[in-house]
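Reviewing the structure listed below.
Since every read-out is calculated from the coordinates, none of them should be taken as a lab result. In this text the structure is predicted, and so the values were computed from the model without any measurement. Note that each Cβ is placed from the backbone with ideal geometry, even for glycine, and that neighbours are counted across all protein chains shown.
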Amino acid sequence: EFYAEGKWWPVDISEGNKYTALATYYFGRHPANRIEFSQGRDLVVDPGPSGGPINFLAYPIMESESGELFPKTTFSFVRKAL
């Protein structure tokens, strides 16, 4: 992402490099098979983690009295017709 004209713009440079014919498509929009977890950086949540603002939110953040926890995480989805 990058910030310009007062808002955040999505961009996927790696996909644009792989598929040069679609480079302009990946500049400024998310493809239909992508989801957005957050916008920008330095996310502030309440209660927040002891480490301060979250750089980006893509994985669970867990803490205990002894510090941050890193659970094994997997993701899946099921496409359903509407």
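Counting only residues that are surrounded by 10 or more Cβ atoms within 10 Å (Cβ to Cβ) and more than 17 Å from the chain's Cα centre (by Cα), which one in region 49-66 is nearest to residue 32 (Cα to Cα)?
Per the criteria, the residue is 62.
Given (1) within 28 Å of residue 78 (Cα to Cα); (2) surrounded by 10 or more Cβ atoms within 10 Å (Cβ to Cβ), identify the lone condition not met by residue 17.
(1)
Considering only residues of region 20-47 that are surrounded by 13 or more Cβ atoms within 10 Å (Cβ to Cβ) and among the small types (Gly, Ala, Ser), which is farthest from residue 65 (Cα to Cα)?
23
Here is a list: 79, 34, 41. Which entry is over 20 Å from residue 11 (Cα atoms) and assigned to a loop (DSSP other than H, G, I, E, B)?
Numbers: 34 fails: over 20 Å from residue 11 (Cα atoms); 41 fails: over 20 Å from residue 11 (Cα atoms).
Result of the check over 79, 34, 41: 79.
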